[in-house]
Amino acid sequence: MLVTRLWVALSNKNYVCITIVVCTLLLYACTSSTSNTTPTLPQHPTYASDIAPILIKNCVPCHKKNGAGPFELLNYEQVLKHAKMIREVTRSRYMPPWPADATYSQFLDQKVLSQYDIDVINKWVEQGKPIGNTKLIATNKTIATKALQPDMVLRMKTPYKIMGTNMDSFLIMKFPFEIPEKKYVRYIEFVPDNKRVVHHVNTNLISYFPPMHNSKLMQGNYYQNTLSGNKQQVYERLAIPNDDGTYPQLQISVCNYLPGMEAYKFPDGIGGYVFQKQGMLLVDELHYGPSLKDTTDNSYFNIYFMPNAPKRPTQEITLGTNGKSAVVPPLIIQPNTVSTHSTQIIVNQDVSLLNINPHMHLLGKRFVAYAITPKGDTIPLIKINKWDFRWQYVYTFNHMLKIPKGSTIYAFGTFDNTVHNVLNPFYPPRVVSERNGSMLTTDEMFQLIIMYLPYQKGDENISLKP
Ligand code: HEC
């Protein structure tokens, strides 16, 4: 811990080299402690007893109807059709996509195959893919498909038409609702309809409280977000202001979506969202990628209620771009360089972390975050050795994670602005920066978004499984 103590006292420009020391040490500690006692493989693995459980936990969350994956892997026939590919993508660890280093920190529902899982899939394919005891399968399927009934669904008035102009479009869209009484919401799930074009979605929650009398709630639907345009004008066209012209209460980022990202589900009694009798989900914005032919999209939201009012509200803090802590050195990435940037914040009360969401764009290569307590202990948060722009998750801890008062949370991001980065949006490379907090993917961002609440005794034992 000498290393880490030292580091706090050092000036900003030394962060980069010191982190490397810390990380290498941690890496050592982890790899040397991994045991390799893999259980022996069954002699005759079957789909029912060996394969289905692995796929249901690690693959079906995306490879299901309306999931992020290109096909379903829920039943034997579907799996059989893709068996050889499944063997390939698991052996190469291309699937399931899970960028976080599982030897550094563990998360809820993490999708990481063990060597055993990979080997048993391989053996099963080699032995001719037997189905096994079909009774087991019925149970497996019910597990995977149950509990997916939303309490409310919010849809577009009419499907949105995307013209085949090969241009990106950015939309502001409203999904209004009127319900008999206020509801507490455990999670809000965006369901992409036309997965080929839906790129990303950011969603805010608007509440009309007290309700409007002369309700214009259902007027307006969507509007092109001209990036330079006047937002206020757009909001007026969407009939968002209250009767008296003032603006209603808005809660940002209640549901953000990128392909493969699962909605965050609050556990009982904690956090959640409040849906007043009148309100709307305001999508600001929905990004459709370019399409060469005319097409439509009819994406929607599934809403899941909580039975009781939550007792403990949660808070969110953003470190880095657009957040509470500066990026050092500033996020201006010179062409033909690889640079590491950091951001840090001191925690001024005991807090319990629920989840974290690291965010970078196309130049991102590596992301590390941890806390150092006043005693000098390191609490690992997340390490992503190979940043993958496509898979950006909200990582939920298994149990609430206590960060004691006086700790410092550090995040480090490494960006590659050279020609070797195949995702570099510019050739030849140019200066890329966080430009006034722009969210364009060709600009950069460096953020760690943390959801937390004030610590209470025993929080460490509270499971975050909903
Ligand atoms: C987080 C969502 C997600 C999870 C979890 C996931 N997949 Fe995928 N999978 C995708 C997406 C999206 C694609 C299509 C894009 C691609 O190939 O990268 C895909 C593609 C595939 C392909 C086709 C690859 C190709 O080259 O065409 C196979 C096979 C596959 N997945 C199998 C699996 C298996 C097996 C698991 C579990 C062990 C799994 N996936 C878990 C999202 C997921």
- Query: Longest segment of the chain with no chymotrypsin sites (Phe, Trp or Tyr not before Pro) in a DSSP loop having at most 16 other Cβ atoms within 10 Å?
  - Reply: 95-388
- Most positive-pole-ward Cα, P248, T441, A263, against dipole of the chain from beta carbon charges: A263
- Set of aspartates and glutamates with alpha-carbon distance to K216 below 14 Å, sequence-local pairs under 8 removed: E178, E236, D243, D244
- So what does log10 I(q)/I(0) come out to for the stretch 47-145 at q = 0.15, 0.18, 0.20 Å⁻¹, using the Debye formula with one equal point on every Cα and no solvent? -0.58, -0.84, -1.03
- Estimated Rh, the chain: Kirkwood, alpha-carbon pairs, angstrom: 24.4 Å
- Using only the C-alpha atoms of the stretch 314-461, find the volume of their convex hull and express it per residue in Å³. 105 Å³
- Label N133 and Q219 with points 7 Å out from Cα along Cα→Cβ: what is the distance between them in nm? 6.4 nm
- Using the structure shown, list the pairs from K64/K383; K311/K405; K161/K231; K311/K402; K64/K465 with a Cα-Cα distance above 25 Å, or answer none. K64/K383
- Query: Got a sec to turn the phi values of the stretch 443-455 into Karplus ³J(HN,Hα) couplings, 6.51 cos²θ - 1.76 cosθ + 1.60 with θ = phi - 60°, whole Hz, x for Gly and Pro?
  - Reply: 8, 9, 9, 9, 9, 10, 9, 10, 9, 8, 8, x, 5
- Item | Other-chain or far-sequence residues with amide H under 5 Å of F446's (modelled H) | T321
- Query: How about the stretch 268-322: which trypsin sites (Lys or Arg not before Pro) there lie in a loop by DSSP and see at most 14 other Cβ atoms within 10 Å?
  - Reply: K293, K311
- Message: Which residues does the label zone of N75 cover in the stretch 93-131, counting backbone N under 16 Å from a point 7 Å along Cα→Cβ?
- Response: 131
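Only the coordinates and a few stated rules stand behind these numbers; no lab work does. In this text the structure is predicted, and so the values were computed from the model without any measurement. Every residue, glycine among them, receives a Cβ derived from its backbone with ideal geometry; neighbour counts consider all protein chains shown.
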